[in-house]
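Report on the structure given below.
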Amino acid sequence: MPDYDVIVIGCGIAALTIANRLVPDKNVAIITKEKRDNSNSVLAQGGIAAALTNEDTCDAHFTDTVVAGCRHNDADAVWKLAAEAPGRIRRLINQGMAFDRDNDGHLIFGKEGAHSCRRIIHVGGDATGKHLINHLLEQVSDRVTLIEDETAVDLITSGKHCTGVTTAAQHGDRKRYTASHVVLATGGCGGLYTYTSNAPSITGDGVAMAYRAGAELADMEFIQFHPTLLYHDGQGKGLISEAVRGEGAVLINNQGERIMKHVHLLKDLAPRDVVARTIFSRMLSGEQIFLDISMIEAFDQKFPTITGKLHSNGIDPEKGLIPVIPGAHFSMGGVRTDLVGQTSINGLFAAGETACTGAHGANRLASNSLLEGIVYGNRIAEKIKGCHGEDSCSLTADLKTALPVSLSLPEKTTIRQMMLEHVGITRSEAGLHKVIRWLETYKQQIDGCDLSELTTDQLTKVNMITAGWLIATSALMRTESRGAHFREDFPVADDLNWYQRPIIRKYETTEQLHTV
Ligand code: SIN
């Protein structure tokens, strides 16, 4: 018998949604390398997009997602996301999630980049992720086995079956857990870059583990840079939500000129790749970029988390200017899955940012990520609940050949600098070749090596090098500029002028959509 029915690796929104939906029917373990409340989702300031108003439709949400995604999206995956969003949000409200409401008790809808209407709901102003995670942790903590401070090392596989995971506990002790189903929900790759909105623990672990186990990956080259991290003392100091621009803030340079005014029809609320590239090129030419927030009334009440962050960095929000820099924010690609999270390895699922369902295309639409964790988390849990008699745990795991480990690995800061410089907001063939050659000097040492002897620090570097190499080689192969993948040597073609082209919808009416 396996140790658990289901092991979920990670503790963010997707992981907790899955666990919450599976208990008490299934015996679930959650393994997280930090504490339970230390996930990337906790940092999410933006809210959740869902067509909940009379002026909005799932159709419109679908269209905005595909337009932002530069039509690289899987239409079915987007459809599920948009169509199932309202029902999932209503269920959360019924379970007691207190989304922000006005004095009349109506939900408050915010606006973010590339949305055609106000459709984003929040909790606690700019603390949606934190409240959602607390809500889910309250529901699941006593009903699952929650293993903290334990780093997943490798998936245990037997042929094309995943049968469990090995871990490194505190003090380096190795452990081994078996399960009928394993879910990778470890987040994306933001921590591979110098500037990032992500928690430092987000280092591409899920994709690296899946790659070592032979799972299919997709769209790794698409790394979204969020336009506005707080920039202070030469460092990125965390996210300044796009909702701030949704409330009227504008991007200006040190001359006070608006930098987005003539760049895109949607100006400061253009898709993130467009805004991030504009800021980046202005900074390269020596300008400093600021968010002018002077027109936002009651900023501190609308954005309490950001206000706190500004104060703790010695910046007075009353002065109306926030210095900003773009930073790695979201991986659109990842472990390729179908519409119920199944990867190319039996028994192995991927969820949230670790997965590539195809819903986000080349550039994720704002506030679709917590939503993806919720919608696809539920879909995965439903799939797992329905699995009977196909458990793979009676299989014996393949034994890896243990090779002597004497690795010489670079510093994490060096990996981050190389990734930012050559696989960042803009890329070129020469730069990609350079970083790939550099990563491969380390990858050659890693490939086939037995990871069981490594320290967790070495293991993190191994995962960063593996995920970085996957991103860089995918970026080299995509000889076009699309969404978050911008090649200096392949300018955006005229026919990719997304905002002026009609979308051909797969489904014609919202009625059809609701029956999905
Ligand atoms: C933000 O608040 O700007 C980020 C939201 C998101 O990435 O969806």
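The values are calculated or read from the model by the stated rules, or taken from the named source; none is laboratory data. Nothing here was measured: the structure is a model prediction, and the numbers come from that model. Cβ placement follows ideal geometry from the backbone for every residue including glycine, while neighbour counts extend to all protein chains displayed. These accessible areas exclude ligands, DNA and RNA; they are computed on the full protein's heavy atoms, side chains included. Shrake-Rupley method; radii C 1.70, N 1.55, O 1.52, S 1.80 Å.
Is it the case that the range 464-476 has a residue that's over 21 Å from the mean Cα position of the chain (by Cα), at pLDDT 95 or above and crowded, with 16+ Cβ neighbours inside 10 Å? Yes, some residue in the range 464-476 is over 21 Å from the mean Cα position of the chain (by Cα), at pLDDT 95 or above and crowded, with 16+ Cβ neighbours inside 10 Å. Looking across the range 165-180, the residues that are crowded, with 19+ Cβ neighbours inside 10 Å, under 30 Å from ALA44 (Cα atoms) and among the aliphatic types (A, V, I, L, M) come down to VAL165, ALA168.
Count of the range 89-110 residues, restricted to those that are surrounded by 12 or more Cβ atoms within 10 Å (Cβ to Cβ) and not acidic (Asp, Glu), is 11. Residues that are more than 16 Å from the ligand (Cβ to nearest atom), modelled with pLDDT under 95, charged (D, E, K, R) and surrounded by fewer than 22 Cβ atoms within 10 Å (Cβ to Cβ) do occur in the range 395-417, at least one of them.
The criterion of at least 1 residues that are away from the ligand (no atom under 15 Å from the Cβ) and either of a type outside the set (A, V, I, L, M, F, W, C) or out of contact with any Ser or Thr (no Cβ under 7 Å at 6 or more places or on another chain) (or both) is met by the following helices (runs of 4 or more DSSP H) wholly inside the range 194-299: 205-212, 272-284.
Let's see how each residue does on (1) over 18 Å from ASN363 (Cα atoms); (2) open to solvent by less than 10 Å² (accessible area, probe 1.4 Å); (3) of a type outside the set (Gly, Ala, Ser):
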site	(1), (2), (3)
VAL182	yes, yes, yes
ASP205	yes, no, yes
TYR211	yes, no, yes
LEU217	no, no, yes
HIS226	no, yes, yes
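The set of residues from the range 403-431 being more than 23 Å from the chain's Cα centre (by Cα), farther than 19 Å from LEU459 by Cβ and of a type in the set (A, V, I, L, M) comprises just one member, ALA430. Scanning for something within 23 Å of VAL123 (Cβ to Cβ), within 16 Å of the ligand (Cβ to nearest atom), in a strand (DSSP E or B) and touching a Ser or Thr at 6+ places or on another chain (Cβ under 9 Å), does the range 346-358 turn up at least one residue? No, because not a single residue in the range 346-358 is within 23 Å of VAL123 (Cβ to Cβ), within 16 Å of the ligand (Cβ to nearest atom), in a strand (DSSP E or B) and touching a Ser or Thr at 6+ places or on another chain (Cβ under 9 Å). Does at least one position in the range 153-164 carry a residue that is of a type outside the set (Lys, Arg), touching a Leu at 6+ places or on another chain (Cβ under 8 Å) and open to solvent by 40 Å² or more (accessible area, probe 1.4 Å)? Checking the range 153-164: at least one residue is of a type outside the set (Lys, Arg), touching a Leu at 6+ places or on another chain (Cβ under 8 Å) and open to solvent by 40 Å² or more (accessible area, probe 1.4 Å). The residue pairs whose first member lies in the range 166-192 and is closer than 27 Å to GLY468 by Cβ and among the basic types (Lys, Arg), whose second member is open to solvent by less than 10 Å² (accessible area, probe 1.4 Å) and assigned to a strand (DSSP E or B), and whose beta carbons are closer than 9 Å, counting only pairs six or more residues apart or on different chains, are ARG174/VAL153; ARG174/THR167; ARG174/ALA168.
Answer with yes or no whether VAL67 is within 25 Å of VAL207 (Cα to Cα) and either modelled with pLDDT under 95 or within 15 Å of the ligand (Cβ to nearest atom) (or both). In short, no. From the set of residues in the range 21-44 that are under 24 Å from ALA77 (Cα atoms) and open to solvent by less than 30 Å² (accessible area, probe 1.4 Å), which is nearest to the ligand (Cβ to nearest atom)? Applying the filter and picking the extreme gives ALA44.
Remark: pairs (first residue in the range 125-151, among the polar types (S, T, N, Q); second residue assigned to a helix (DSSP H, G or I) and within 16 Å of the ligand (Cβ to nearest atom); Cβ separation under 9 Å; 6+ apart in sequence or on different chains) = THR128/LEU370; ASN134/VAL42.
Which of the residues belonging to the range 45-63 are over 30 Å from GLY386 (Cβ atoms) and buried (at least 23 other Cβ atoms within 10 Å of the Cβ)? Scanning the range 45-63 gives GLN45, GLY46, GLY47. The residues on offer are ARG174, ARG272, and the sole one that is more than 16 Å from ALA366 (Cα to Cα) and at pLDDT below 95 is ARG174. Out of the residues in the range 186-201 that are at pLDDT 95 or above and open to solvent by 10 Å² or more (accessible area, probe 1.4 Å), which is farthest from LEU321 (Cα to Cα)? Going through the qualifying residues, I end up with THR186.
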